[in-house]
1. If you roll a 1.4 Å probe over the stretch 1-129 with all protein chains in place, what percent of the accessible area is carbon or sulfur?
2. For the chain, take the longest principal axis of its alpha carbons; what is the angle in degrees between that and the long axis of helix 210-224, to the nearest 10 within 0 to 90?
3. Label point 7 Å out from E119 along Cα-to-Cβ: which residues of the stretch 133-170 have amide N under 18 Å?
4. If you place +1 on the Cβ of every Lys and Arg and -1 on the Cβ of every Asp and Glu, how big does the dipole about the Cα centre of the chain come out, in debye to the nearest 20?
5. Using a Gaussian network model of the chain with C-alpha springs under 10 Å, which one of A182, A241, A155 is most mobile by mean-square fluctuation?
6. Once every DSSP H run of n ≥ 4 in the chain is given -39500 (n - 2.57) and the sum is divided by its residues, what mean residue ellipticity at 222 nm do you get, rounded to the nearest 500 deg cm²/dmol?
7. Taking Cα pairs under 8 Å and at least six residues apart, what relative contact order does the stretch 99-180 come out at, in percent?
8. Do any trypsin sites (Lys or Arg not before Pro) in the stretch 197-299 lie in a DSSP loop with no more than 15 other beta carbon atoms within 10 Å, and if so, which?
Amino acid sequence: DAEILHKAMKGMGTDEDSILMLLTARSNDQCQQIKAAYKKAHGKDLVSALKSELGGLFESLIVALMTPSVLYDATLLHNALKGAGTEDEVLIEILASRTGEQIKEITKVYKKEFGGKLEKDICGDTSGHYQKLLVILLQGSREEGVDEEKIEKDAKDLYAAGEGKFGTDEEKFITILGNRSAEHLRKVFAAYKKLSGSDIEDSIRGETTGNLENLLLAVVKCAGSIPNFFAERLYKSMRRAGTDDDTLMRIMVSRSEVDMLDIRGSFKKIYGQSLYTTIQEDTAGDYQKALLYLCGGND
């Protein structure tokens, strides 16, 4: 593999097809091994070599594929926090969708790579109840299983904290949505619907605004179905004026070895068209080809 890549970059012009077919077909672990083999044979860094040959969105995508997945998440978070302003949707997407184990790994790698504590950096960039919920999610310690005795109480507490009173008790929402397991939350949301007659999502929209609302909704959606959550985000990244390539690339890279088949299924079910065709209509060139390889097939 290292030799194929070397040949693809040697001499005049670059053989982009060989590069994209090879790298989209390899797992992230295999890419790390190819990097090592390349360095051993050619005495230079493969990623730097690729960067010097490629450009634009295609280059960004290939570099993302070559980055160890935990480091990729940590880097996305670091970039979302550094400089003026915060890319809240990146914080929300990663912290709402990753497992507790993954979040703990990300925190470790973040400290090693960027020298700071992720929690401290998040606290420096956010505030209020939104910050509190991010910090809870950052602990990566959701409860396990379903606590039958708590289902009714949690549903009642959520109702009393929101629709059932004037004003909103955000603390209750944060504690319940931030700490219970996904399967427990699904039962709580069903009980909530029985109790109040409305979906928990509608109540959150009515009771909260801004980043807190977006984060609570992301947590609710991920508890329901992570593939549905990503299918919706992918659809929104493409189906509007201009493509949000950052989001499209981030999801395609970080989910390609996790649940891409399920995301494709959700996408088709919700939107009545395949993810593959949607990517085809919204992107072009080698960047498009690489995304389509990651997508895998046309449903």
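1. Of the solvent-accessible surface of the stretch 1-129, carbon and sulfur hold 51 percent.
2. 80 degrees
3. Backbone N within reach: 133-143.
4. 440 debye
5. Result: A241 has the largest fluctuation of those listed.
6. -23000 deg cm²/dmol
7. 32 percent
8. For trypsin sites (Lys or Arg not before Pro) across the stretch 197-299 that sit outside H, G, I, E and B with at most 15 neighbouring Cβ atoms in 10 Å, the list reads R239, R240.
The values are calculated or read from the model by the stated rules, or taken from the named source; none is laboratory data. Since we're looking at a predicted model, the values are computed, not measured. Cβ atoms come from the backbone with ideal geometry, glycine included; neighbour counts cover every protein chain shown. Heads up: the accessible areas ignore ligands, DNA and RNA and are worked out on the full protein's heavy atoms, side chains in. Shrake-Rupley method; radii C 1.70, N 1.55, O 1.52, S 1.80 Å.
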